[in-house]
Amino acid sequence: MQICIISVGKESQKELSALQNEYEKRLAPHASISWRLIPASRATDPEQVRSMDSEQIMAQLKPNDSVILLDERGHQQTNEQFALTFEKLSGTQGRLVFIIGGAFGVSEDVRARAQFVWAFSKLVFPHQLMRVMLLEQLYRTYMVQKGHPYHHS
């Protein structure tokens, strides 16, 4: 399976990058992970930033992609519930794309393009940390699907 993660922001710090690499290794037997890092807009108006970031995100999407947007206003799910959502959306022809928007979120166009809007929490997390958390949750999802004890350890 091909998973693409689109994230607005800069390269991860060394410590977080090491964690990302660890989870990517764990995911390797299950999925191929690719990254599209989009530099944050330098505009000062929040609406302009959101619009410019969103245009760059939309340019990365292909018509047959299944899209999951990470947003604190999305749906919260248990790991088991998300494993079902993941299975449903990953059964399509294209890539499964996860979007981590910029500091001011994404436009309604990006939100409408997503098949699922997922909230890890109502809290907001730093983007670089969110990348690691996403990879860990993807690995956990595969373990839930396999009935592996990782999920309960």
- Message: Going by what's in this entry, would GLN56 be described as at pLDDT 95 or above, surrounded by fewer than 19 Cβ atoms within 10 Å (Cβ to Cβ), more than 14 Å from the chain's Cα centre (by Cα) and within 21 Å of GLU136 (Cα to Cα)?
- Response: no
- Message: Just to verify a result, which residue in region 20-44, among those that are out of contact with any helix residue (DSSP H, G or I) (no Cβ under 9 Å at 6 or more places or on another chain) and modelled with pLDDT of 95 or more, is surrounded by the most Cβ atoms within 10 Å (Cβ to Cβ)?
- Response: LEU37
- Message: Tell me yes or no: at least one residue of region 116-124 is of a type in the set (Gly, Ala, Ser) and within 11 Å of the chain's Cα centre (by Cα).
- Response: yes
- Item | Condition broken by SER17, with the remaining ones in (1) within 25 Å of LEU123 (Cβ to Cβ); (2) modelled with pLDDT of 95 or more; (3) of a type outside the set (Lys, Arg) satisfied | (2)
- Does SER12 fit the bill of being outside any helix (DSSP H, G or I), over 16 Å from the mean Cα position of the chain (by Cα) and of a type in the set (Ser, Thr, Tyr)? no
- Query: Taking region 104-116 only, how many residues are surrounded by 18 or more Cβ atoms within 10 Å (Cβ to Cβ) and out of contact with any Ser or Thr (no Cβ under 7 Å at 6 or more places or on another chain)?
  - Reply: 5
- Task: Would you kindly identify the strands (runs of 3 or more DSSP E) lying entirely within region 36-153 that contain at least 3 residues that are touching a residue at least 40 places away in the same chain (Cβ under 8 Å) and farther than 21 Å from GLN20 by Cα?
- Result: 66-75
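The values are calculated or read from the model by the stated rules, or taken from the named source; none is laboratory data. This is a predicted model, so every value here is computed, not measured. Cβ atoms come from the backbone with ideal geometry, glycine included; neighbour counts cover every protein chain shown.
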